1. Sort out for me the strands (runs of 3 or more DSSP E) sitting completely within the chain that have 1 or more residues that are at pLDDT 80 or above.
2. Would you check which residues across region 55-70 are farther than 16 Å from ASN23 by Cβ and in contact (Cβ under 8 Å) with a residue 24 or more places away in the chain and list them?
3. State all residues of region 34-53 that are without any contact (Cβ under 8 Å) to a residue 24 or more places away in the chain and touching a strand residue (DSSP E or B) at 6+ places or on another chain (Cβ under 9 Å); if no residue qualifies, say none.
4. Can you tell me which residue is nearest to VAL17 (Cα to Cα) among those in region 71-82 that are surrounded by fewer than 16 Cβ atoms within 10 Å (Cβ to Cβ), of a type in the set (A, V, I, L, M, F, W, C) and touching a residue at least 12 places away in the same chain (Cβ under 8 Å)?
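The values are calculated or read from the model by the stated rules, or taken from the named source; none is laboratory data. These numbers were taken from a predicted model, which means no experiment stands behind them. Because the Cβ atoms are built from the backbone with ideal geometry, glycine has one as well, and the counts that use them run over all protein chains shown.
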Amino acid sequence: MTSLAASRRSDPELGFVLISHGNLSVSLDHPLETDHEDGQSAIKTTRTACLDSGVPVGGSVSDADAASELLSEGYSPVRICDEIDSTRKTFRRRMSELDPFE
């Protein structure tokens with residue numbers, strides 16, 4: 001992670017590092033196993049390197065409780081979203097608008 005500080009200096013527009021637990025789990029061959037020890041270790045290493053280098057660390061979670069936890073761990077910014085849940089709700093709403101007897 002020593003290259004983190006160098007990349008920050010070479011790109012002054014880089015405002016933060018966003019750690020995506022889901023994407024990281026896929027990259028580490030543990031798709032959507034966001035609690036897998038390999039992913040957790042990589043997250044801890046990345047987070048520590050960023051904070052030690054003065055680079056803000058962002059995270060993405062699906063609910064307010066998880067967002068509060070990230071904020072307490074020094075993450076900022078924190079994105080709260082759940083694309084699957086959003087898609088599911090939109091699909092249900094649209095399907096309910098259809099009249100099956102037309």
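1. Numbers: elements: 17-19, 57-61, 78-80.
Of the strands (runs of 3 or more DSSP E) lying wholly inside the chain, those with at least 1 residues that are at pLDDT 80 or above span 17-19, 57-61.
2. VAL55, PRO56
3. Those that are without any contact (Cβ under 8 Å) to a residue 24 or more places away in the chain and touching a strand residue (DSSP E or B) at 6+ places or on another chain (Cβ under 9 Å): ALA42, LEU51.
4. Filtering region 71-82 down to residues surrounded by fewer than 16 Cβ atoms within 10 Å (Cβ to Cβ) leaves 71-74, 76-77, 79-82.
Narrowing the set further to residues that are of a type in the set (A, V, I, L, M, F, W, C) leaves 71, 80-81.
Now narrow it down to the ones that are touching a residue at least 12 places away in the same chain (Cβ under 8 Å): 80-81.
Values: ILE80: 16, CYS81: 17 Å.
Applying the filter and picking the extreme gives ILE80.
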